[in-house]
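For reference, the structure discussed in these notes is given below.
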Amino acid sequence: MAKRFEGKVALVTGGAGGIGAEIVRALIAEGASVAIFDNNSKAISPLVDSLTSEGAKAIGEVVDVRIQSSVERSVNSVISKFGHIDILIAAAGGSLGTPRDLDEISSEDLDLVIDVNIKGTFHCAKAVIPSMKSRGGGAIVAFSSIGGRSASPVTGVPYAAAKAGILGLTRRLAREVGADGIRVNAIAPGLFLTGRLQGMFDAMSEAERNEVLDAIPLRRMPKISECVEPVLFLASDASSYITGTVLDVNGGRMMAN
């Protein structure tokens, strides 16, 4: 079978850990050359070494997506190595370890979450769009969340505001670049247990875990692949007439009108 991303160059932000790293591996398995952007230098190097030792075309860049010059410099480096960029998966973000409860949230917490999620997505999209235009099109997939679509009990106000903002960014950017053949969509995952969230879930009592599961019609927690595959769908030609939309991946926990 033909690979969906043969000859394509993809950039994945937040690509050195958790869901981002699984997206990287899936893109490579489907034929893509992949650039990994992350601020964790200790995580990037072993991942890139592992991928390239298996014959993959992968490079890594230590990037602070909050800083436009850092993003632009690294995007230019990717283009110099791979020639162009066809796909952006803007997965960098999250609550970033900030508090959930209002009384504990500082102005610095708010700035961090807004800057990484919204400014980071904006900076990366703006930097790759010229290359996509020169190629006659491309695909951008941003990361929102169920927490930006409904009132999540797990994360705080900054996260909810940032992930809701991603939806507005996605729609307006899709309108802006659609005529250039560039599609812009977002994914809104539910509760995927990676890193800190896995620890939080494991620490819950059985009754608390059952309460979480009772709110999910499918009555189970998701596998990481169940977030990865929808992202690949939005990045692929299979979604060639889809832009400006958000794909909810939450097991039915939140059903949009």
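The values are calculated or read from the model by the stated rules, or taken from the named source; none is laboratory data. Bear in mind the structure is a predicted one, so any value in this text is a computation, not a measurement. Note that we place each Cβ from the backbone using ideal geometry, even for glycine, and neighbour counts take in every protein chain shown.
To keep it simple, each residue is scored yes or no on (1) part of a helix (DSSP H, G or I); (2) modelled with pLDDT of 95 or more; (3) in contact with a Cys (Cβ under 7 Å, 6 or more places away or on another chain); (4) surrounded by 18 or more Cβ atoms within 10 Å (Cβ to Cβ).
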position	(1), (2), (3), (4)
80	yes, yes, no, no
88	no, yes, yes, yes
92	no, yes, no, yes
100	no, no, no, no
108	yes, yes, no, no
111	yes, yes, no, no
121	yes, yes, no, yes
128	yes, yes, no, yes
132	yes, yes, no, yes
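Scanning segment 134-152 for residues that are in contact with a helix residue (DSSP H, G or I) (Cβ under 9 Å, 6 or more places away or on another chain) and either of a type in the set (A, V, I, L, M, F, W, C) or assigned to a helix (DSSP H, G or I) (or both) returns 139, 140, 141, 142, 143, 146, 147, 148, 151. Scanning segment 230-257 for residues that are exposed (fewer than 15 other Cβ atoms within 10 Å of the Cβ) and not hydrophobic (A, V, I, L, M, F, W, C) gives 237, 240, 241, 252, 257. Which ones in segment 19-35 are in contact with a Gly (Cβ under 6 Å, 6 or more places away or on another chain) and in contact (Cβ under 8 Å) with a residue 40 or more places away in the chain? Within segment 19-35, 20 is the sole residue that qualifies.
In summary, helices (runs of 4 or more DSSP H) completely within segment 153-257 and bearing 1 or more residues that are within 18 Å of residue 132 (Cα to Cα) and in contact with a helix residue (DSSP H, G or I) (Cβ under 7 Å, 6 or more places away or on another chain) occur at 157-177, 225-235. The requirement of being in contact (Cβ under 8 Å) with a residue 60 or more places away in the chain and among the small types (Gly, Ala, Ser) is not satisfied by residue 151.
Selection of segment 28-49 for residues being touching a strand residue (DSSP E or B) at 6+ places or on another chain (Cβ under 9 Å) and closer than 24 Å to residue 86 by Cβ yields 28, 32, 33, 34, 35, 36, 37, 38, 39, 44, 47, 48. Can you name the residue in segment 50-61 that is surrounded by fewer than 17 Cβ atoms within 10 Å (Cβ to Cβ) and touching a strand residue (DSSP E or B) at 6+ places or on another chain (Cβ under 8 Å) and is also farthest from residue 142 (Cα to Cα) among such residues? My answer is 52.
A quick yes/no check of all residues on (1) of a type in the set (S, T, N, Q); (2) over 21 Å from residue 144 (Cβ atoms); (3) part of a helix (DSSP H, G or I); (4) at pLDDT 95 or above:
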position: 3; (1), (2), (3), (4): no, yes, no, no
position: 6; (1), (2), (3), (4): no, yes, no, yes
position: 11; (1), (2), (3), (4): no, no, no, yes
position: 23; (1), (2), (3), (4): no, no, yes, yes
position: 26; (1), (2), (3), (4): no, no, yes, yes
position: 31; (1), (2), (3), (4): no, yes, no, yes
position: 37; (1), (2), (3), (4): no, no, no, yes
